[in-house]
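Here is the structure we will look at.
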Amino acid sequence: MKHILLTGATGFLGSHLLEALLTQGYKVTILKRSTSDTWRISHLLERISAFDVDQVKVEEAFKAEKVDVVIHTACSYGRHGQSTHEVVETNLLFALKVLDAAIFFNTDTFFNTDTFFNTDTLLPKYLNAYSLSKKHFTEWLKQRSQTIKVVNLKLEHMYGPKDDQTKFIPWLIGQLEQGVSRIPLTEGSQQRDFIYIDDVVSAYLLALQKADQLPEYTELDLGTGELTSVRDFASSIFTVYKSLNSSTTTQLGFGDVPMRDGEMMTVEVDNSALKRLGWCAITQKTDGIKKLFKVAQ
């Protein structure tokens, strides 16, 4: 079974991937910081090797044992007040360190993750720094794909348990559970592709299994292929919440918040390449939302 080096394992996507990889029998090493909050993966730490990149060089993880595949999910959106150079340090410079080490130590495949959370009402002013730094790294990946196979997964709006509370869906649920009288929202006409975390993980696992069949550089759009307005998705969350808490008096304040300048009103998702590999999303929207409240309770 292959040895996987996983970055971002303490985050939302990375923690779900780590659990799935271990369940599948992969050997996993993670890169993290000594200060990383490991609450999402505390029950898994005894089953993995971990290197703190603020204390040792990235190369040490590759020297310890041959790495077959890197799955890179670590990133910074700037949500917590990081400066532009800090966002770039994570999204570009750290990513390049991992890529360079993977190439030097003859790693077979590098999985990269591009994520876009365009529905977040709480997105920071550093969104452009995030987008630009990720775009620059993608260009480096294309250039380096002559020396290492690259699979670039472009994710739509993931949701599921253990997500960051500053993101739109957990924030909305938090507002409902706090019983606020009215939740300020945009008019919600933006169209997005909402995909449940289990379906995201299944796509990674399938691409990992079939990496040998892929060309030197592959981009895979990872979404359900179906667009839903933010208003409809938020209303579905509210409907499920009311079914569990019939006495709620909270109102959804659609239109209370103006649209951001430059707001993307729709997205284009072409998941045909993933479907050709045999993947499809199986979690229905209502089922995924119910799982959020099931965990919360």
Neighbours of Tyr217 by Cβ distance under 12 Å: Lys/Arg at +1, Asp/Glu at -1, summed charge 0
Using mean Cβ contacts within 10 Å as the protection proxy, how do 193-200, 29-36, 255-262, 168-175 order, highest first?
193-200, 168-175, 29-36, 255-262
Expressed in nanometres to one decimal, the distance between label points 7 Å along Cα→Cβ at Lys57 and Ser181 is 6.1
Give the residue list of chymotrypsin sites (Phe, Trp or Tyr not before Pro) in segment 18-104 that are DSSP loop and have at most 16 other beta-carbon atoms within 10 angstrom.
Trp39
Considering all projection directions equally, how large on average is the shadow of the alpha-carbon convex hull of the chain, in square nanometres?
15.1
Divide, for segment 1-149, the radius of gyration over alpha carbons by 2.2 N^0.38 Å, where N is the residue count.
1.02
Antiparallel DSSP beta bridges within the chain, percent to nearest 5
5
Show me the helices of the chain, taken as full DSSP H stretches, that run 30 Å or more along their long axis by Cα and average -0.5 or above in Kyte-Doolittle hydropathy.
none
Using the basic label-point model (7 angstrom from Cα toward the beta carbon), what is the Glu65 to Lys210 distance in nanometres?
2.8
For Gln143 and Ser247 in one chain, what is 0.36 nm times their gap in residues minus the Cα-Cα distance, to one decimal in nm?
31.7 nm
GNM, the chain, Cα, under 10 Å: largest mean-square fluctuation among Glu46, Glu89, Glu219?
Glu46
Grab the Cα-Cα distance for Asp100 and Lys275, subtract it from 0.36 nm times how many residues apart they are, and report the gain in nm with one decimal.
59.9 nm
Specify which residue in the list Thr218, Phe137, Ile30 is farthest towards the positive end of the charge dipole of segment 3-296, using unit charges on the beta carbon of Lys, Arg (+1) and Asp, Glu (-1), about the Cα centre.
Ile30
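A short reminder: the numbers here are calculations on the coordinates, not readings from a lab. All values derive from a computational prediction rather than experimental measurement. Virtual Cβ from ideal backbone geometry, glycine too; neighbours counted across all protein chains shown.
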